[in-house]
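What follows is a short report on a single structure.
The values are calculated or read from the model by the stated rules, or taken from the named source; none is laboratory data. Computed from a predicted model, the values in this text were never measured in an experiment. With ideal geometry, Cβ positions are generated from the backbone for all residues, glycine too; neighbour counts draw on all protein chains shown.
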Amino acid sequence: MIDTLRANQLVHGELAKRGEYDNSPHFLPENKLSVKAIFHEFIDAVGIKQDVLFRNCLDLGCGTGFMYEILSDLGNIQYTGIDITDEMLNVFNKKWPEAYALNAQAEKLPFPISSFSLVVNYSFIDHLDSPRDVFKEAYRVLEENGIFYSGLIPNSEFSLNIAKSIEKCCAESYIGFKVNSIMNKEYRSMFDNGNIYATKYGIDSYILKTAEPQKTSLHGLNISQIQEELESVGFKKVYVFPNWFMAQALVKSDPTKLDIIKDYLRSLGPIGQSLFKYFDIFAVK
Ligand SMILES: C[S@@+](CC[C@H](N)C(=O)[O-])C[C@H]1O[C@@H](n2cnc3c(N)ncnc32)[C@H](O)[C@@H]1O
């Protein structure tokens, strides 16, 4: 038996040592652009000044510096990254020698109250036993009116819908409906996450599943539940941005089509949000 923290160190340590980690799909240029666009949308929506927001940022589970690059492009002035995996931090330090990152655990941050204007994390909270414990710590180290951002949160509503379609709706009862390769791929990435990585990287599937408890046992996180948890630790307002609708990659070369589909699904609110694979959130202290 290993715990979640150790499983994360083993998985991310191995990926970093092999130089594989930065091949993760979220490093694709179109995703980096999409994260920056979400920040701009949020800034415009709440009218916060960029020099106030980006004054002093903390990145939880910084890994090799995905968010450091984004924040630098957006105009970050001061950045601190924390992570529990030394191999990830080694890659970070080689890539970004000018930045500061240290080994620390997000549930026990070594910083006093009100230290940061912005606390971010990306592809992170599905790796935690208790996202709420980290929300509490983020709240503690944020200044009044400081902002918490969490990106690439797997949407459990999406995965449960995919499961329903694949397991319950057979082609005989829905004329014209066929489970295609896209749906199968999405299904496997949500319900067979350990084995996919085991095949790709040769890391034990039990360790991989243990490293992603929220994805493994709950198939992602529920948008309303995350909103409620953030509010229950004290955040006064939570904003949700659904991101990456199913098969978005198929239309990525046609930005006009992509925007039309995305805007339409987002305009449907709670109905449309179940068709997005991920969501991002901002919360205001
Ligand atoms: C999927 S990676 C994401 C890295 C980076 N944010 C990115 O988007 O590329 C998750 C990172 O979180 C780190 N991690 C997992 N649990 C953690 C915890 N409780 N406290 C701090 N870091 C943690 C892992 O070591 C790993 O580097």
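Return the pairs, sorted by first residue and then second, in which the second residue is outside any strand (DSSP E or B) and among the basic types (Lys, Arg), the first residue lies in the stretch 142-165 and is touching a residue at least 12 places away in the same chain (Cβ under 8 Å) and within 30 Å of residue 51 (Cβ to Cβ), the beta carbons are less than 8 Å apart, and the residues are 6+ apart or on different chains.
Every condition considered, the pairs that remain are 142/285; 143/285; 144/285; 145/285; 146/285; 147/285; 148/285.
Every residue in the stretch 228-246 that is assigned to a helix (DSSP H, G or I) and surrounded by fewer than 17 Cβ atoms within 10 Å (Cβ to Cβ), please.
Within the stretch 228-246, 228, 231, 232 qualify.
Tell me whether the stretch 95-104 contains one or more residues that are more than 18 Å from residue 64 (Cβ to Cβ), more than 12 Å from the ligand (Cβ to nearest atom) and surrounded by fewer than 20 Cβ atoms within 10 Å (Cβ to Cβ).
The answer is no, given that none of the residues of the stretch 95-104 is more than 18 Å from residue 64 (Cβ to Cβ), more than 12 Å from the ligand (Cβ to nearest atom) and surrounded by fewer than 20 Cβ atoms within 10 Å (Cβ to Cβ).
For the stretch 22-75, how many residues are assigned to a helix (DSSP H, G or I) and touching a Gly at 6+ places or on another chain (Cβ under 7 Å)?
Summing the residues that are assigned to a helix (DSSP H, G or I) and touching a Gly at 6+ places or on another chain (Cβ under 7 Å) in the stretch 22-75 gives 3.
Would you be able to tell me the number of residues in the stretch 128-151 that are surrounded by 22 or more Cβ atoms within 10 Å (Cβ to Cβ) and either more than 15 Å from the ligand (Cβ to nearest atom) or modelled with pLDDT under 95 (or both)?
Looking only at that region, the number is 3.
How many of the residues making up the stretch 198-212 are aliphatic (A, V, I, L, M) and outside any helix (DSSP H, G or I)?
So the answer is 1.
Can you tell me which residue among 218, 265, 258 is hydrophobic (A, V, I, L, M, F, W, C) and in contact with a strand residue (DSSP E or B) (Cβ under 6 Å, 6 or more places away or on another chain)?
265
What number goes with the only condition from (1) over 27 Å from residue 111 (Cβ atoms); (2) within 9 Å of the ligand (Cβ to nearest atom) that residue 13 does not pass?
Unmet for residue 13, out of (1) over 27 Å from residue 111 (Cβ atoms); (2) within 9 Å of the ligand (Cβ to nearest atom): (1).
Of all residues in the stretch 166-197, how many are at pLDDT 75 or above, of a type outside the set (Asp, Glu) and surrounded by 15 or more Cβ atoms within 10 Å (Cβ to Cβ)?
Qualifying residue count, the stretch 166-197: 3.
Quick check on my filter: what residues within the stretch 46-90 are within 11 Å of the ligand (Cβ to nearest atom) and hydroxyl-bearing (Ser, Thr, Tyr)?
Of everything in the stretch 46-90, those that are within 11 Å of the ligand (Cβ to nearest atom) and hydroxyl-bearing (Ser, Thr, Tyr) turn out to be 64, 68, 85.
Name the single residue, out of those in the stretch 21-39 being more than 10 Å from the ligand (Cβ to nearest atom) and among the charged types (D, E, K, R), that is farthest from residue 52 (Cα to Cα).
The qualifying residue farthest from residue 52 (Cα to Cα) is 30.
Looking at 56, 23, which is the one that is out of contact with any His (no Cβ under 9 Å at 6 or more places or on another chain) and either over 22 Å from residue 108 (Cβ atoms) or of a type in the set (Phe, Trp, Tyr) (or both)?
Within the list 56, 23, the selection yields 23.
If residue 7 satisfies every condition in (1) within 21 Å of the chain's Cα centre (by Cα); (2) more than 10 Å from the ligand (Cβ to nearest atom) but one, which is the exception?
So the condition that residue 7 fails would be (2).
Would you tally the residues in the stretch 25-52 being surrounded by 15 or more Cβ atoms within 10 Å (Cβ to Cβ) and over 20 Å from residue 241 (Cα atoms)?
Number of matching residues: 0.
Which members of the stretch 193-221 meet the condition of being over 18 Å from residue 61 (Cβ atoms), in contact with a Leu (Cβ under 9 Å, 6 or more places away or on another chain) and not aliphatic (A, V, I, L, M)?
Residues satisfying the conditions are 194, 195, 201, 204, 219.
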